[in-house]
Structure formats: C-alpha cells, structure tokens
Amino acid sequence: MNKLSLKDLYFKFRNPETIKALQKEIKKEAVKLKEPMRIMEICGGHTHTIMKYGIKQLLPENISFIHGPGCPVCIMPKERIDHAITLSHQKDVILATLGDMIRVPGSKSTLAKARAEGANVVPLHSTLDVLEIARKNPDKKVVFFAIGFETTTPMTAALIHTALKQNLKNIYYHINHVLVPPPMRAILDSGEAKINAFIGPSHVSVITGAKAYEFLVKDYKTPVVVAGFEPVDVMESILMLIHQKIKNTPKVEIQYKRATTYEGNLLAQEMINRYMEVRPSFRWRGLGDIPHSALKLKDEYEEFDAEKIWADILPNEPINDHKLCICGEILKGLKTPKECSVFGSACTPANPLGSCMVSDEGACNAYYRYER
Amino acid sequence: MCLAIPSKVLNIDENNIAEVDTLGVKRKVSLDLIAEEVKPGNYVLIHVGYAMSKIDEKAALESLEVYEMLAKAAMEEESSISPEDLVNEEGPLLYKPKED
Amino acid sequence: MDKKITLSYGGGGEETNKLIKELFYKNFSNEILENAEDAAVIDLKGKTAFTTDSFTVSPIVFNGGNIGKLSIAGTCNDLAMMGAEPKYLSVGFMIEEGLEYSMLEKIVKTMADELKKIDAKIVCGDTKVVPSGSVDKIFINTSGIGEIKKENISAHNLNEGDAIIVSRDIGKHGTVIMAHRYGVDTDIKSDCKVLWSEVKALIDADINIKALRDATRGGLSAVLNEWSETSSVSIEINEDKIPLSDEVIGLCEIFGFEPMDLANEGTFILAVSNEDKEKALEVLKNFNKNASIIGEVKKGNKVILKSPYGSKRYIELPKGELLPRIC
C-alpha cells in the first residue's frame with residue numbers, strides 16, 4: 001500500500017476528479033429514489049463545506065439540504081451572551097472564550113464591543129491557553145466561557161482536570177456545552193421540516209461515536225451517514241444515503257472511517273462525565289427549551305462554577321430575538337436565509353441581528369458569503 | 001463547529017505535549033485525550049489545543065484507492081471497470097463496513 | 001550598548017541634529033536632503049503622481065521585513081500602480097520614547113536599501129518623539145511623488161474580455177502577521193517589495209495595461225470587488241489558477257481564513273487586454289515564476305469564483321477583523 005502524506009489527508013479528499021466521478025454516480029442512482037431526499041446536515045461545519053464548494057449545484061433536483069442547528073454560537077440565547085459580557089466588565093475578571101464568540105450579539109452589545117470599552121476579553125484558539133493566562137495573572141479571576149458541542153466539551157474537561165492537578169485556584173467555568181442528539185429529536189418530533197436523511201457531524205462523532213445516532217434509526221427510521229469534512233466526504237455520504245433509501249434499510253453508517261468509530265473516544269467521554277453532568281433543561285435560541293440538552297459543572301466543583309459564584313449579577317430572563325430575525329425557523333430547517341426580510345440588508349456579518357449571521361458556521365453567514 | 005485539523009506528530013515531551021506539523025505550521029497540542037499510544041509520524045486530528053483522535057491511515061488509504069477507481073471509471077467512456085464491479089454482496093465497495 | 005530614544009531626541013536641539021545627521025542623512029544621503037532647507041526643491045517633469053500612507057503595523061519587525069521596508073514599498077507601490085516611477089519621498093517618524101536606537105537604525109537602514117533598488121530618494125522628513133504609550137513603538141508616514149510613465153491606468157478601464165493576472169502567489173504578508181499575532185511558528189516570509197521594476201517592464205513591453213492594483217489590506221478579494229464596482233463589470237476567477245504556497249494554505253486551514261482575503265505587500269493584480277495577456281504573463285514570470293492568468297472580465301456586476309469541478313460562488317469583500325474560526 002502507498003504511504004499516506006499529510007497533504008493527501010487534505011487535498012485528495014478535495015480532488016476535483018473524484019468529486020466529478022461521485023457526482024456522476026449520484027446522478028445515476030438518484031433517479032431510483034421513490035421520493036425526494038431532504039437531507040439535514042446537522043453540523044455547521046458541513047453547512048460551510050456545502051456552501052463553499054458549491055455542492056448543492058452538483059446535485060440532481062430531487063436532493064436538497066436543510067441546514068441544521070449545529071452551530072454552537074448560533075444557538076446561544078442572548079441572555080447567556082449577556083452573562084459573558086457582564087462577567088467581562090467585572091473589575092478583577094479576565095473573560096476567556098473561543099474566537100467566534102466575541103462577535104455574537106447579546107441584547108445590547110458584544111464581547112468585542114466590551115473589549116473596546118476596556119473589558120478584559122481574551123479570544124482563544126486553544127483551550128490550554130487558559131492555564132497560561134491564569135498563571136500570569138494570579139490576582140485575577142479567569143472565567144472560561146465554555147461553548148461548543150461534544151467535539152469541544154472534552155477539552156474543557158481536560159482543562160478542568162489539569163487546572164485542578166496544577167492547583168490553579170483562579171480559573172472559573174461558565175459551561176454552555178450542548179449536545180447534538182436532543183435538538184435532532186426535537187426537530188424530528190415537530191415533524192415540520194420533513195427531513196428523511198441525516199448527514200452526521202464529523203468531529204462530534206469522533207468523540208461520541210456513531211452509536212449516538214442509533215436513536216434516529218430506531219425511533220424515526222431515518223438513515224444517517226457520519227460524514228467527513230471535505231467535499232469528497234460529503235459527496236460520498238450523499239451516495240451512501242441514496243443507496244440506503246433505495247434499499248429502504250435505514251441504518252447508521254460511517255463514511256468518515258479514517259477518524260470515526262462506532263464507540264467513539266471513550267477516554268474523552270469519561271473525562272466529560274467526571275466533571276460535568278446533564279442539565280434538566282437549556283434554552284436554545286430559535287428552538288426554545290430542550291430538556292437534557294446541555295451540560296453544567298458537577299456540584300462537587302461548584303467553587304469554580306461561575307454561574308453560581310456570580311449568580312446575583314447573571315439574570316436568566318429569556319431575551320427574545322429581534323422581531324424580524326427568523327434564525328429560529330432557519331435553525332429548525334423550516335426556512336432558508338434568503339426568505340428572511342432583513343437578510344443582507346439590515347442583517348449582515350458586519351452588523352448581525354441574529355447569531356446565524358455571526359459565525360462562519362451559521363447558515364446565514366454561509367449564504368451571505370457564498371450565495372448572495 | 002468541530003473544525004478539527006489533520007496534523008503529523010513530530011515529537012512528544014514528558015508532559016504528554018506533542019509538537020505537530022500542520023501543512024508546514026508547527027504547533028503544540030496535548031495528547032491527554034488520547035488513550036492509545038501515539039508515536040512520532042502518526043497523524044492526529046487536533047482541535048482547540050488538543051489531539052482528539054488518531055487518524056486511521058489504513059482506512060484513509062482504502063478510501064483513496066476506491067476514489068481512484070471511481071475517478072478512472074468515470075473518465076473512461078467504455079471502461080473495464082463497470083459500476084457493478086464497485087459492488088459486492090455486502091453492498092457498494094465505497095463503504096465496506098468496518099470489521100469489528 | 002542599549003541606547004534608547006528619549007524625548008529630547010525630538011526636541012529640536014543638539015540631540016535632534018545629531019540624530020538627523022548620524023542616522024538619517026548618513027543613510028538616506030542625497031543632495032536635496034542634505035541641503036537641509038525648510039523644504040525640498042525638486043524639478044517635476046510632466047504629469048506627476050502624488051500619494052501618502054501611514055504605517056502602524058505590529059509587530060514592527062516580521063519575517064521578511066520591518067515597518068521601514070513596508071513604509072517605502074507601500075508608498076512606492078501606490079505610485080507604481082498608477083504607472084508612475086517613484087522619485088521623491090518624504091518621511092515622518094513618530095517614535096515612542098524608549099525605543100532602542102538600534103531598532104531605529106535597523107529600520108532606517110532597511111528603508112535606505114529599498115530606496116537604492118529603484119533609485120528613489122527621501123528628500124525631506126520630520127521626527128517626533130512622543131511620551132510612552134502615545135504610539136506603539138513607532139509609526140511612519142511616507143508621502144511620494146512619481147513621474148507618470150504610462151497614463152490612463154485606472155480602475156474604471158475594465159472591459160468585457162480583459163484578462164486578470166496576478167504577479168505571484170498570494171497571501172504571504174497577511175499570513176506572517178496572523179502567525180505572529182496568534183503565536184504560531186512558521187517559516188513564511190512576507191512578500192514585501194517595491195514593484196516598480198515589474199511595472200516598468202510591462203510598460204516597456206508596450207502591454208495594453210487597463211488597471212493595476214497591489215493587493216494590500218483585504219487582499220485579492222478587495223481588489224476584484226473594487227474593480228467590479230468601479231467599472232461595473234463581472235470578474236470570473238478560476239480557483240485552480242490562483243497561485244498559493246503550501247505554507248499559506250496550511251495557515252489558512254488552521255485558522256479558517258480565505259487566502260484571497262489576506263494582505264500582500266509585494267503582489268499586484270493587473271487587468272490587461274485579452275491580446276496582451278500571454279505577453280504580460282511572460283514579462284511577469286521573469287520576476288516570479290508563480291505569476292498566473294487567473295480570470296477574465298465579463299458583463300455583470302459580481303465577482304465569481306469557479307471551482308475546477310463545475311460549481312460557482314461569489315467572492316465578497318472581507319468584513320471586519322479577521323478572527324480565527326473556532327479551533
């Protein structure tokens with residue numbers, strides 16, 4: 001067998017010849033479909049790939065995409081973003097969070113604006129940096145505003161683990177980690193979007209394992225293929241879904257064999273369970289309250305729980321979106337960004353009215369960048 | 001979300017921090033979330049400062065082989081590889097179920 | 001010796017004079033400057049281009065250059081992009097007190113080296129030293145005068161059928177700055193360079209040049225969008241023809257940036273008439289083998305990127321601060 005190079009792992013999965021060949025196969029097989037296929041790609045990263053590589057343009061008419069809520073920044077309710085902003089304004093606090101978060105609009109402001117006003121906000125691209133910040137600022141309280149789906153949750157857990165091991169007492173956590181399966185259930189239960197196939201998230205699945213999606217087959221008889229991130233991965237996964245549909249044997253399949261297994265990363269799962277537990281309920285922007293859909297720090301670590309320590313200045317009043325923002329319906333897969341009356345006019349990436357426009361993974365942002 | 005990048009492990013220090021190469025850019029990531037052994041030369045997926053899994057090279061090469069066959073078949077008008085060749089009893093060759 | 005620039009260096013007294021003679025006159029030496037009058041007197045022939053730019057880049061030293069090199073290349077390139085040969089520059093230094101003398105010396109020497117390459121001169125200047133915190137180490141303003149060698153190069157000139165060419169691989173400068181900002185180790189060097197030689201070669205070869213622009217802030221995306229709007233045309237770009245180095249691709253992968261949005265300081269885009277595109281390419285390849293014809297001008301009003309497998313998408317103006325994607 002040939003040797004695999006690092007470049008292969010990127011570019012061979014973007015090979016134009018392969019994409020064209022898969023397009024041909026898909027075209028050939030799709031005619032056998034008895035009904036149109038409406039695929040929801042859950043992960044915002046897949047939305048990004050589909051838009052960036054123009055995959056929709058390569059598919060026959062009877063296959064369409066519905067963009068799912070897999071954008072952890074997009075589904076953050078405004079009141080929780082306000083938490084981050086409030087915390088950042090506290091005199092002795094350094095608010096650290098992952099990059100995209102600082103542009104997301106809360107009810108009145110953003111972390112970026114807070115930073116311009118003098119708040120100590122640090123955008124990170126590595127969770128490990130929190131340790132360095134805490135060490136360099138022993139007199140400050142470093143609050144890590146943790147966001148993300150299951151891909152990113154283990155890193156927060158590992159951070160907590162290391163912080164405890166290194167006895168760093170000035171790191172606090174505001175946990176906003178969310179889970180993929182519950183909103184998928186909620187969307188299917190509402191039945192409105194008429195989804196009949198799923199492209200499963202690449203890297204959430206690396207952690208959870210493909211087993212996390214068995215419920216889609218068991219309870220909803222909907223086929224799911226866990227797909228890699230590159231355009232070849234997405235095209236191959238569509239072909240696999242078509243074959244499942246034709247044979248009418250819905251099951252959980254893995255296209256992303258090079259990185260995903262059925263069981264997932266058990267060590268990561270164990271880390272998460274050691275420090276975090278499922279909340280009874282969490283409000284998702286656009287989707288409303290979904291039970292057992294998010295995580296919090298376990299009670300035994302409450303001395304580091306920012307939500308508890310600063311509870312008196314962190315209100316939980318739900319704050320609704322701008323009247324004209326239809327992010328909610330977009331996240332549920334009911335409308336597309338183009339159907340929004342303020343898309344591209346009052347709501348743009350420079351001036352977002354809703355979260356879907358802020359993050360690279362938001363459907364509105366992707367449409368604005370690639371398909372206006 | 002979930003932007004995770006394939007990288008090559010260059011070396012690992014005594015604190016389980018690996019120096020990795022990502023298309024020419026060198027970075028340091030923690031291996032604390034990987035249970036199995038990681039050696040220099042292995043490929044890993046990295047995300048926000050951690051390696052989250054090892055990349056299965058054999059699986060990657062298998063996929064690439066199939067893509068090559070498919071691309072060849074698509075390019076040739078009358079090819080010796082017919083679409084039926086891409087199928088066996090278990091289903092289309094494109095996604096042989098992994099032997100557990 | 002770790003000599004530092006103090007407030008007195010900008011006071012106008014003995015220290016200022018010493019600085020001017022020992023550092024500026026010595027390195028920028030030319031008759032006009034050393035005449036030391038209140039203003040430089042120069043003889044301008046014919047149509048003249050005039051431009052100014054201020055440089056506040058951080059870090060002030062980066063792989064492949066420093067703020068001094070940037071200040072010369074930036075202003076000279078603005079002139080070159082109008083078909084003007086850079087001749088005379090002014091320079092204004094705003095120095096934060098406490099800057100190491102050796103750093104200032106390094107910057108000035110670099111500027112002198114760049115000027116020598118194209119026979120341009122700094123003929124007047126000004127120095128201010130300001131209290132700590134007023135500027136970030138050093139800010140430089142340069143203004144430049146150039147002799148127009150080819151008239152009517154303008155963003156208004158694009159017509160259907162014109163070819164779009166890029167002078168070399170893109171994104172290097174922006175990548176270097178981003179790598180530094182996010183503490184990432186890389187061997188990439190900024191492409192910072194004065195581009196007059198390239199432009200002169202194109203003029204000498206009698207190429208029908210419609211427009212020129214160096215792809216600075218906002219990168220290739222910004223230039224193409226500007227031209228599309230100004231000339232009211234569509235520009236179609238073939239993705240697989242855009243030259244990119246592996247290192248730039250690597251960094252963009254990690255941070256989720258688009259190479260087309262990244263700044264360049266020694267790379268320019270040209271629009272030429274269709275008949276001249278091969279000749280123009282040949283001229284440019286003498287300077288950098290990565291020069292490439294990347295697209296063409298069509299009727300319409302959008303900038304479109306075509307993938308090698310048949311899909312299309314729009315290239316938009318990059319917006320706001322470039323932030324890494326979550327990872």
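Placing +1 on the Cβ of each Lys and Arg and -1 on the Cβ of each Asp and Glu in chain C, which of C:122, C:23, C:197 has its Cα farthest towards the positive end of the resulting dipole?
Farthest along the dipole direction, towards plus: C:197.
Could you give the dipole magnitude of region B:5-55 about its Cα centre, charging the beta-carbon of Lys and Arg +1 and that of Asp and Glu -1, in debye to the nearest 20?
With only Lys, Arg, Asp and Glu charged at Cβ, the dipole is about 240 debye.
Within the P(r) computed for chain C, what percentage of the Cα pairs occupies the region above 34 Å?
Looking at chain C, the distances longer than 34 Å represent 28 percent of pairs.
Could you list log10 I(q)/I(0) for region A:1-101 at q = 0.13, 0.14, 0.18, 0.20 Å⁻¹, which the Debye formula gives when each Cα is one point scatterer?
Cα-only, vacuum Debye calculation for region A:1-101: -0.72, -0.78, -0.98, -1.09.
Would you please classify the overall shape of region B:5-55 from the alpha carbon gyration tensor, given that a ≥ b ≥ c denote the square roots of the eigenvalues, rounded means a/c under 1.5, and beyond that prolate means a/b larger than b/c while oblate covers the rest?
It is rounded, given that a/c, with a ≥ b ≥ c, falls under 1.5.
So how tilted is helix A:153-165 from the main axis of chain A? Cα-based, degrees 0 to 90, rounded to 10.
So the helix axis and the longest Cα principal axis differ by about 30 degrees.
In 10 Å bins starting at zero, report the fraction of Cα pairs in chain A per bin as a rounded %.
That works out to 5, 23, 32, 25, 12, 3, 0, in percent per bin.
I need the shape label for region A:246-287. Rule: rounded when a/c is under 1.5, else prolate if a/b > b/c, else oblate, with a, b, c from the alpha carbon gyration tensor.
oblate
Order by neighbour count: A:117, C:147, A:41, C:31, fewest other Cβ atoms within 10 Å first, most last.
C:31, A:117, C:147, A:41
Calculated from DSSP H runs of 4 or more alone, at -39500 (n - 2.57) each and per residue, what is the 222 nm mean residue ellipticity of the protein assembly as shown, nearest 500?
Helix-only estimate at 222 nm: -9000 deg cm²/dmol.
What percent antiparallel are the DSSP beta bridges of chain A, to the nearest 5?
Approximately 20 percent, going by the DSSP bridge assignments.
For region C:163-314, what is the convex hull volume of the alpha-carbon atoms per residue, in Å³?
It is 110 Å³ per residue.
Quick one: grab Rg to one decimal and Dmax as a whole number for region C:1-118, Cα atoms only, in Å.
15.2, 49
Sort C:156, C:173, C:180, A:48 so the one with the fewest other Cβ atoms within 10 Å of its own Cβ comes first.
Exposure proxy ranking, most exposed first: C:156, C:180, A:48, C:173.
Could you compute Rg(Cα) / (2.2 N^0.38 Å) for region C:260-306, with N its residue count?
My calculation over the Cα atoms of region C:260-306 gives 1.30.
Just the Cα atoms of region A:205-329: what Rg and Dmax do they give in Å?
19.2, 57
Test of understanding: ordering A:226, A:31 by Cβ neighbours within 10 Å, fewest first, what list do you get?
The order, fewest Cβ neighbours first, is A:31, A:226.
Computed on alpha carbon atoms, what radius of gyration and Dmax characterise the protein assembly as shown, expressed in Å?
28.6, 92
Using only Cα atoms, what Kirkwood radius does region A:327-370 have, in angstroms?
After inverting the pairwise mean of 1/r, the radius is 9.9 Å.
Over all alpha-carbon pairs of region A:54-203, lay out the pair-distance distribution in 5 Å bins, whole %, shortest bin first.
2, 8, 17, 18, 16, 13, 10, 7, 5, 3, 2, 0, 0
Given the pairs A:12/B:8; A:12/A:338; C:106/C:149; A:20/B:39; C:106/C:172, which span a C-alpha to C-alpha distance of over 28 angstrom in this model?
With Cα atoms farther than 28 Å apart: A:12/A:338; C:106/C:149; A:20/B:39.
Read the figures in this text as sums done on the coordinates, not as results from a lab. Because the structure is a prediction, the values reported are computed rather than measured. Using ideal geometry, Cβ is built from the backbone for each residue, glycine included, and neighbour counts are taken over all protein chains shown.
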